[in-house]
């Protein structure tokens, strides 16, 4: 999962010094002892320098999307998601917020 997060962050730029979200993802990966070759491959895939393999484990083009809504008492809620299907995710978020 960390490699997907690195890929998403690398879409905004492959240089961690110029991309704070990539730097944070790399710090988390180092803390979790992710091998360097996996980190490098994720950065290359995310920045478009390396084609992703399209095997059965590949979950498609992942996107980071924010949804906002209002909870009980008018409290504003911001939900950050990572998804390959925005329609399904929007529907799920709407259902969850409607129930709770």
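Quick note: the coordinates plus some simple rules give every number you see, no bench work behind them. Quick caveat, the model's predicted, so the values are computed rather than measured. Methodologically, a virtual Cβ is constructed for each residue, glycine included, from the backbone with ideal geometry; neighbour enumeration extends over all protein chains shown.
The long axis of helix 20-31 is offset from the longest Cα principal axis of the chain by roughly 70 degrees. Each principal axis of the Cα atoms in region 1-52 has its own extent, and those three values, largest first, are 25, 22, 15 angstrom. Computed from the Cβ-Cβ distance with R0 of 30 Å, the FRET efficiency linking residue 68 to residue 40 stands at 0.30. With respect to the chain, whose longest principal axis is taken over its alpha-carbon atoms, helix 36-46 is tilted by about 60°.
What angle do you read, to the nearest 10 degrees and between 0 and 90, between the alpha-carbon axis of helix 86-99 and the longest principal axis of the chain? Its long axis makes an angle of about 40 degrees. Restricted to Cα atoms, the chain shows a radius of gyration and a Dmax of 16.0, 48 angstrom. Our estimate of slack between residue 90 and residue 50, defined as 0.36 nm per intervening residue step minus the Cα-Cα distance, is 11.4 nm. Our estimate of slack between residue 23 and residue 78, defined as 0.36 nm per intervening residue step minus the Cα-Cα distance, is 17.5 nm.
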